[in-house]
1. State which residue is farthest from Glu321 (Cα to Cα) when the search covers only the range 235-278 and only residues that are without any contact (Cβ under 8 Å) to a residue 12 or more places away in the chain and among the polar types (S, T, N, Q).
2. Of these, Gly227, Gly220, which one is on the phi > 0 side of the Ramachandran plot and either at pLDDT 95 or above or surrounded by fewer than 22 Cβ atoms within 10 Å (Cβ to Cβ) (or both)?
3. What about Val216, is it touching a Pro at 6+ places or on another chain (Cβ under 9 Å) and β-branched (Val, Ile, Thr)?
4. Please tell me if Val149 is of a type in the set (Val, Ile, Thr) and assigned to a strand (DSSP E or B).
5. Based on this model, can you work out whether Asp135 counts as among the acidic types (Asp, Glu) and touching a strand residue (DSSP E or B) at 6+ places or on another chain (Cβ under 9 Å)?
6. How about the range 184-216: which of its residues are of a type in the set (D, E, K, R) and either buried (at least 19 other Cβ atoms within 10 Å of the Cβ) or touching a residue at least 12 places away in the same chain (Cβ under 8 Å) (or both)?
7. All but one of (1) surrounded by fewer than 16 Cβ atoms within 10 Å (Cβ to Cβ); (2) at pLDDT 95 or above hold for Arg322, so report the exception by its number.
8. Among Arg24, Arg105, Arg70, which is the only one that is modelled with pLDDT under 90 and either out of contact with any helix residue (DSSP H, G or I) (no Cβ under 6 Å at 6 or more places or on another chain) or closer than 15 Å to Gln128 by Cβ (or both)?
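The values are calculated or read from the model by the stated rules, or taken from the named source; none is laboratory data. No experiment lies behind these values; they were computed from the predicted model shown. Methodologically, a virtual Cβ is constructed for each residue, glycine included, from the backbone with ideal geometry; neighbour enumeration extends over all protein chains shown.
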Amino acid sequence: MRKLVVWMLFGGIVVILLGLGALRVTAVQDGIAQRVVERRLSEQHEALFEPDALRALICGSSSPFPHPSRAKACVAVFAANRFWVVDTGTGSWNTLAMLGLDASRVGAILLTHFHSDHIGDLGEFNLQTWIGGRDAPLTVYGPAGVERVVAGFNEAYALDAGYRTAHHGAALMPPETSQMRAITIEGPQKSGVPAVVFNEDGLTITAFPVQHDPVVPAYGYRFDYKGRSLVVSGDTIKSASLTAAARGSDVLIHEAQSDEMVDRIGQIATRVGRSRIATIMKDIQSYHTTPVQAAEVANEAQVKLLVMYHLNPPPPARLVERIFARGVDEVRDEGWILADDGTLITLPADSELVEVEQL
């Protein structure tokens, strides 16, 4: 028996060595690379566009704090044969691009406000969906000021767009679709009342005001499709207008900040002489929602699932996630998760099911 084991181990080592040797052969290297490229180019996650459900993909779960894998704030909503993007935080386009999505099927961008971690990839979304073949200028909805933001990104990318048209030709890269167009959502700012910004193909998108002072106005968005609904908060303190807009929805995707952790960072920054960081850690506690408060909002709105995103600071490990979410179970013992980039929520049409998976 001992000899058999020895021969098996010897055989395994030989196989491993032969495999490693094969990887040094040019034909083997090329064959592996070709299969990988073919697989990547063939993957477009077409199932995300199926009309049988309302879906939300977290394409950015972080905040301005650095994190090795999380992009900044972004939620992609799939409905009516297209995808709609709430905020375009830095790095978020890469999350979607890694899925190989058909970029031409973008519906519109909906900005909640204009902090950098919510708009940083706006130019990339415009450029990459243009390269992907969309047939019209990309529409960007947002509060007052969206015209200025869009004009700035259009100008910043104007030379790039010109180069690409000159290189590939106007038939492939038409200049008339290279720019974005801004649409200002004025109703919620003026009246405080939610306003429908899109209502076609069975999909209704509603903007509502939230409280993120001194950032005024700031909005959240509600999506209703085939008997299902979800709400994206954007940045806000615990807000009555958000609770009202989310009431009865299936899923609430709500920002969350651990003031306990932020305060600890501030204290440590003071001790090590980083006074600017300490001041910022103190200031930001005035205009975000804690995980416990987000759970309270979810309870008051009677939503089925609370998905916390825009995690501030973004937890780098499971242990830190437990610290981040302290107290949530006491308020809401089930029906909540901390999102990560790639978290997919599926709401089958005319159903009560809420499905969660990680792409």
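1. Per the stated criteria, the residue is Ser275.
2. Values: Gly220 fails: on the phi > 0 side of the Ramachandran plot.
Residue meeting the stated conditions: Gly227.
3. So Val216 fits the description; yes.
4. no
5. Spelling it out, it is not the case that Asp135 is among the acidic types (Asp, Glu) and touching a strand residue (DSSP E or B) at 6+ places or on another chain (Cβ under 9 Å).
6. Those that are of a type in the set (D, E, K, R) and either buried (at least 19 other Cβ atoms within 10 Å of the Cβ) or touching a residue at least 12 places away in the same chain (Cβ under 8 Å) (or both): Glu186, Glu200, Asp201, Asp213.
7. In the conditions (1) surrounded by fewer than 16 Cβ atoms within 10 Å (Cβ to Cβ); (2) at pLDDT 95 or above, Arg322 misses (2) alone.
8. From the options Arg24, Arg105, Arg70, the qualifying one is Arg24.
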